[in-house]
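Structure record follows, encoded as structure tokens.
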Amino acid sequence: MANATQSRIAGVGTVQIHMFDKVVQTVTRVGHVPGLKRNLISLGPLDAKGYRCSSQGGVLNVSNGAMVVLKGEISRGLYQLIGNL
């Protein structure tokens, strides 16, 4: 974690993210950490699965081929998802 602490994952599952363009993306093998106040998406595992992560001008795009699957805007040093769970 960013604050140098560790948290236990209580379970692993699948979530659906409702994106900015009304498309619903499914993210699998998501860890659930009880008590975590914000949802976090780690870019490392996405990169390992072949997704492309790029950022410029305060906007992060995660794409699979030509399709943007996740998009975020920077806020207080962290990218926040444009969309909701």
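The values are calculated or read from the model by the stated rules, or taken from the named source; none is laboratory data. Here the structure is a predicted model, which means the values were calculated and not measured. Please note: Cβ atoms are built from the backbone with ideal geometry, for glycine as well, and neighbour counts cover all protein chains shown. With ligands, DNA and RNA removed, areas are computed over all heavy atoms of the protein, side chains included. Shrake-Rupley method; radii C 1.70, N 1.55, O 1.52, S 1.80 Å.
A quick yes/no check of all residues on (1) modelled with pLDDT of 90 or more; (2) aromatic (Phe, Trp, Tyr):
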site	(1), (2)
THR5	no, no
PHE20	no, yes
THR28	no, no
VAL33	no, no
LEU40	no, no
TYR51	no, yes
GLY57	yes, no
MET67	no, no
GLU73	yes, no
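Any idea which residue in the range 40-82 is least open to solvent (accessible area, probe 1.4 Å), counting only those that are assigned to a loop (DSSP other than H, G, I, E, B) and more than 16 Å from THR26 (Cα to Cα)? Reasoning before the result, please.
To start, the set of residues in the range 40-82 that are assigned to a loop (DSSP other than H, G, I, E, B) comprises 40-42, 49-51, 57-58, 65-66, 76-77, 82.
Still in the running and more than 16 Å from THR26 (Cα to Cα): 57-58, 65-66, 76-77.
Values: GLY57: 82, GLY58: 25, GLY65: 68, ALA66: 109, ARG76: 199, GLY77: 61 Å².
Among those that are assigned to a loop (DSSP other than H, G, I, E, B) and more than 16 Å from THR26 (Cα to Cα), it is GLY58.
Can you tell me which residues in the range 17-27 are surrounded by 10 or more Cβ atoms within 10 Å (Cβ to Cβ) and within 14 Å of ILE82 (Cα to Cα)? Talk me through it step by step, then tell me what you get.
Kept after step one, since they are surrounded by 10 or more Cβ atoms within 10 Å (Cβ to Cβ), are these residues of the range 17-27: 17-20, 23, 25-27.
Once the filter is applied, which keeps residues that are surrounded by 10 or more Cβ atoms within 10 Å (Cβ to Cβ) and within 14 Å of ILE82 (Cα to Cα), the range 17-27 yields ILE17, HIS18, MET19, PHE20, VAL23, GLN25.
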